[in-house]
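Colleague: Once you've had a glance at the structure underneath, I'll fire off some questions.
The values are calculated or read from the model by the stated rules, or taken from the named source; none is laboratory data. All values reported here derive from a predicted model rather than from experimental measurement. Positions of Cβ are generated from backbone atoms using ideal geometry, with glycine treated the same way; all protein chains shown enter the neighbour counts. Surface accessibility is based on the protein's heavy atoms, side chains included, excluding ligands, DNA and RNA. Shrake-Rupley method; radii C 1.70, N 1.55, O 1.52, S 1.80 Å.
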Amino acid sequence: MSRYLLAVDQGTTSSRAVLVDTQGCIKDMVQRDFTQHYPKPSWVEHNPRDLWHTVLDCCRQLLKENQLKATDIIGLAITNQRETTLIWDKQSGEPIYPAIVWQDRRTADYCQKLAESDPTLEEKLQKKTGLLLDPYFCASKIRWILDNVPDAKQKAEQGQLLFGTVDCYLLWKLTDGKVHATDATNASRTLLFEIHQQKWDPELLELFDIPTSLLPQVQDSAYHYGEVDPQWFGGAIPILAIAGDQQAALVGQCCFQTGMAKSTYGTGCFLMLNTGEKALHSKNRLLTTLAYRLNGKPTYALEGSIFMAGATIQWLRDGLHLIEQAGESEQLAREVDINHGVLLVPAFTGLGAPYWDPDARGAILGLTRDTGIKEIVSAGLQSVCYQTKDLQKAMEADGVRPVSLKVDGGMVKNDWLMQFLADMLGGEVQRSKVNETTVLGVAYLAGLQAGIYDSLEDIAKRWQLDKAFSPKMSKDKRDALYSQWQQGVKRIQTR
Ligand SMILES: Nc1ncnc2c1ncn2[C@@H]1O[C@H](COP(=O)(O)OP(=O)(O)O)[C@@H](O)[C@H]1O
Ligand SMILES: O=P(O)(O)OC[C@H](O)CO
């Protein structure tokens with residue numbers, strides 16, 4: 001009987017469980033969507049029960065459909081939407097508030113006031129954590145829960161509460177409350193973790209007034225975290241890897257050498273470039289983050305996060321009803337001249353890197369009487385590429401240029417989009433054969449821990465190209481289109 005790795009990807013809009021064989025091939029996958037909650041403008045929440053139950057159900061269904069028992073699984077691996085913040089009661093295991101999702105901007109004012117109280121603060125935060133003072137990260141979300149949930153502050157001070165990102169919460173549930181831990185990549189997204197010394201930072205905990213007792217232990221990305229409690233799958237399964245989803249995708253794309261980069265186009269877009277042992281501090285508002293940590297040794301990355309990529313197409317579909325399926329956007333974009341002059345700036349939840357403007361709001365510019373659905377849909381797709389170009393420019397200004405760009409995520413099957421991306425970047429875009437790089441990446445890490453793979457080099461041999469897109473657009477045309485975008489962004493910026 002073959003044995004498999006079981007990889008769980010708990011994402012922003014759905015949970016997935018995937019079986020990966022020892023050759024690194026995906027055998028089967030089960031996926032479940034869950035409800036998004038928007039209780040107030042700019043607030044985004046998930047019900048923790050949904051996160052846990054969709055993961056549990058996906059795993060159970062996958063095992064059942066493949067007639068596998070817990071003993072057929074070599075190890076379980078967890079990858080997750082990052083920054084999403086949960087706090088739960090240590091005794092009962094019950095979350096004291098819904099999960100505050102990474103997209104949630106409720107702490108924008110708090111962050112701004114903190115920044116105004118000390119003009120040197122953001123630089124200090126960046127030096128220690130590689131991040132910026134933004135509602136995106138966990139620290140201000142934790143603070144909000146402690147300040148707004150009755151008795152939370154007092155309970156936290158008495159050591160009765162635990163904080164975790166989604167990986168940490170799932171690990172706690174899977175081990176039936178025995179393990180409270182996270183991996184270094186997830187810790188590096190909290191704004192509380194010192195990325196050079198690899199430890200929670202007492203000064204930052206004091207700044208955000210967060211008791212140390214709330215925090216999980218931080219381990220390597222490939223590590224024996226504990227065993228799944230037998231009640232869930234009828235037997236114990238070792239938990240062998242954890243990584244934030246974008247870092248897992250970097251591993252899944254085998255970007256192990258300095259200068260290698262990947263960009264994932266799902267709900268948001270995340271471009272990550274491996275900078276090796278060096279934590280390169282951006283002067284252009286990109287993030288420095290952990291790419292992975294193996295055997296105690298950190299590898300760093302530079303990251304640009306865009307909040308609205310596929311979500312813009314979702315909005316065109318579900319909000320404006322301009323299309324019925326996301327895939328229709330490709331044909332519509334092909335049918336319109338690229339010089340249509342319509343610009344969609346998708347700052348629905350503010351602008352991410354490199355602008356970091358939580359108060360900016362979206363706009364559609366350049367409308368004329370003959371503007372139709374095709375132009376607006378095309379502008380939505382183009383916005384994803386312009387935002388990637390913004391990140392590329394910021395990286396170049398920081399002195400690094402990706403040696404290659406490997407792409408994955410739900411949007412990359414759109415060939416028109418990939419061609420326009422190559423045109424905008426003026427460089428080759430490589431679409432990998434396996435699109436499920438996130439689950440694959442964390443399964444690779446679990447495989448390393450289990451001794452299935454000898455090394456990262458051994459893993460790298462498995463990467464396969466699906467299609468490469470080379471730039472075809474003239475430089476003049478590219479510059480003209482991009483300059484239109486830059487002018488559009490200026491119109492909506494608030495800072
Ligand atoms: N052919 C397509 N063209 C453009 N966008 C697409 C296409 N297919 C899917 N998408 C977009 O990709 C996103 C889904 O990607 P996925 O990687 O599954 O997202 P996530 O993991 O963030 O939930 C959706 O937002 C959808 O609008
Ligand atoms: O769930 P995804 O794939 O949209 O990724 C979310 C990111 O990890 C947020 O930083």
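Colleague: Can you name the condition, by its number, that Ile96 falls short on among (1) open to solvent by 40 Å² or more (accessible area, probe 1.4 Å); (2) of a type outside the set (Lys, Arg); (3) in contact with a helix residue (DSSP H, G or I) (Cβ under 7 Å, 6 or more places away or on another chain); (4) within 24 Å of Gly409 (Cα to Cα)?
Modeller: The one condition Ile96 does not meet is (4).
Colleague: Same structure, new question: Give the residues of the range 342-381 that are without any contact (Cβ under 8 Å) to a residue 40 or more places away in the chain, under 19 Å from Glu328 (Cα atoms) and polar (S, T, N, Q), sorted by residue number.
Modeller: If the condition is that a residue be without any contact (Cβ under 8 Å) to a residue 40 or more places away in the chain, under 19 Å from Glu328 (Cα atoms) and polar (S, T, N, Q), then Thr371 is the only one that fits.
Colleague: A follow-up question, please. Residue check, Arg334 against (1) out of contact with any helix residue (DSSP H, G or I) (no Cβ under 7 Å at 6 or more places or on another chain); (2) surrounded by fewer than 18 Cβ atoms within 10 Å (Cβ to Cβ), all met but one. Which one?
Modeller: Against the list (1) out of contact with any helix residue (DSSP H, G or I) (no Cβ under 7 Å at 6 or more places or on another chain); (2) surrounded by fewer than 18 Cβ atoms within 10 Å (Cβ to Cβ), Arg334 comes up short only on (1).
Colleague: Working carefully through the options Thr129, Thr165, find the one that is in contact with a helix residue (DSSP H, G or I) (Cβ under 6 Å, 6 or more places away or on another chain) and closer than 30 Å to Ser221 by Cα.
Modeller: On the way: Thr129 fails: in contact with a helix residue (DSSP H, G or I) (Cβ under 6 Å, 6 or more places away or on another chain).
Going through Thr129, Thr165 in turn, just one is in contact with a helix residue (DSSP H, G or I) (Cβ under 6 Å, 6 or more places away or on another chain) and closer than 30 Å to Ser221 by Cα: Thr165.
Colleague: Kindly check whether there is at least one residue in the range 157-167 that is open to solvent by less than 30 Å² (accessible area, probe 1.4 Å), more than 23 Å from the chain's Cα centre (by Cα) and not assigned by TED's automatic domain parsing to the domain that holds Arg293. So that I can check it myself, show each step before the final result.
Modeller: If we filter the range 157-167 for residues that are open to solvent by less than 30 Å² (accessible area, probe 1.4 Å), which is where we start, we get 159, 161-167.
When the remaining residues are screened for being more than 23 Å from the chain's Cα centre (by Cα), the result is 159, 161.
Subsequent filtering for residues that are not assigned by TED's automatic domain parsing to the domain that holds Arg293 retains 159, 161.
Looking through the range 157-167, at least one residue is open to solvent by less than 30 Å² (accessible area, probe 1.4 Å), more than 23 Å from the chain's Cα centre (by Cα) and not assigned by TED's automatic domain parsing to the domain that holds Arg293.
Colleague: Tell me the strands (runs of 3 or more DSSP E) entirely within the range 170-257 that contain at least 1 residues that are surrounded by fewer than 24 Cβ atoms within 10 Å (Cβ to Cβ) and β-branched (Val, Ile, Thr).
Modeller: Numbers: elements: 181-183, 217-219, 222-227, 238-244.
Of the strands (runs of 3 or more DSSP E) lying wholly inside the range 170-257, those with at least 1 residues that are surrounded by fewer than 24 Cβ atoms within 10 Å (Cβ to Cβ) and β-branched (Val, Ile, Thr) span 217-219.
Colleague: Report the residue count in the range 446-471 for those that are touching a helix residue (DSSP H, G or I) at 6+ places or on another chain (Cβ under 6 Å) and either surrounded by 19 or more Cβ atoms within 10 Å (Cβ to Cβ) or part of a helix (DSSP H, G or I) (or both).
Modeller: Final tally of qualifying residues: 3.
Colleague: So which residues in the range 5-58 are among the small types (Gly, Ala, Ser) and closer than 19 Å to Ala249 by Cβ, if there are any at all?
Modeller: Filtering the range 5-58 for residues among the small types (Gly, Ala, Ser) gives 7, 11, 14-15, 17, 24, 42.
Those that are among the small types (Gly, Ala, Ser) and closer than 19 Å to Ala249 by Cβ: Ala7, Gly11, Ser14, Ser15, Ala17, Gly24.
Colleague: Evaluate the range 49-60: report whether one residue or more is surrounded by fewer than 23 Cβ atoms within 10 Å (Cβ to Cβ), at pLDDT 95 or above and over 30 Å from Pro39 (Cβ atoms).
Modeller: Within the range 49-60, one or more residues are surrounded by fewer than 23 Cβ atoms within 10 Å (Cβ to Cβ), at pLDDT 95 or above and over 30 Å from Pro39 (Cβ atoms).
Colleague: For Lys297, work out the one condition from (1) within 16 Å of ligand 1 (Cβ to nearest atom); (2) open to solvent by 60 Å² or more (accessible area, probe 1.4 Å) it doesn't fulfil.
Modeller: It fails just one condition, (1).
Colleague: Identify all residues within the range 418-450 that are within 11 Å of ligand 1 (Cβ to nearest atom) and under 18 Å from Ala261 (Cβ atoms); write none if there are none. Give the steps one after another, and end with the answer.
Modeller: Keep residues of the range 418-450 that are within 11 Å of ligand 1 (Cβ to nearest atom), which gives 418, 435-439.
Result: Met418, Asn435, Thr437, Thr438.
Colleague: For residues in the range 65-93 being polar (S, T, N, Q) and open to solvent by 10 Å² or more (accessible area, probe 1.4 Å), which is farthest from Thr129 (Cα to Cα)?
Modeller: Looking only at the range 65-93, we keep the residues that are polar (S, T, N, Q), and these are 66-67, 71, 79-81, 84-85, 91-92.
So of that shortlist, the ones also open to solvent by 10 Å² or more (accessible area, probe 1.4 Å) come out as 66-67, 71, 91-92.
On the way: Asn66: 43, Gln67: 45, Thr71: 40, Gln91: 31, Ser92: 32 Å.
The qualifying residue farthest from Thr129 (Cα to Cα) is Gln67.
Colleague: Sticking with this structure for a sec: For residues in the range 396-417 being within 13 Å of ligand 1 (Cβ to nearest atom), aliphatic (A, V, I, L, M) and part of a helix (DSSP H, G or I), which is farthest from Ala379 (Cα to Cα)? Steps first, please.
Modeller: The initial filter retains those residues of the range 396-417 that are within 13 Å of ligand 1 (Cβ to nearest atom), namely 407-417.
Of the ones still in play, those that are also aliphatic (A, V, I, L, M) are 407, 411-412, 417.
Cutting the leftovers down to part of a helix (DSSP H, G or I) gives us 411-412, 417.
Working: Met411: 15, Val412: 17, Leu417: 11 Å.
For the range 396-417, the residue satisfying everything is Val412.
Colleague: Taking the residues in the range 3-29 that are open to solvent by 10 Å² or more (accessible area, probe 1.4 Å) and among the β-branched types (Val, Ile, Thr) as candidates, determine which candidate is farthest from ligand 1 (Cβ to nearest atom).
Modeller: Thr22
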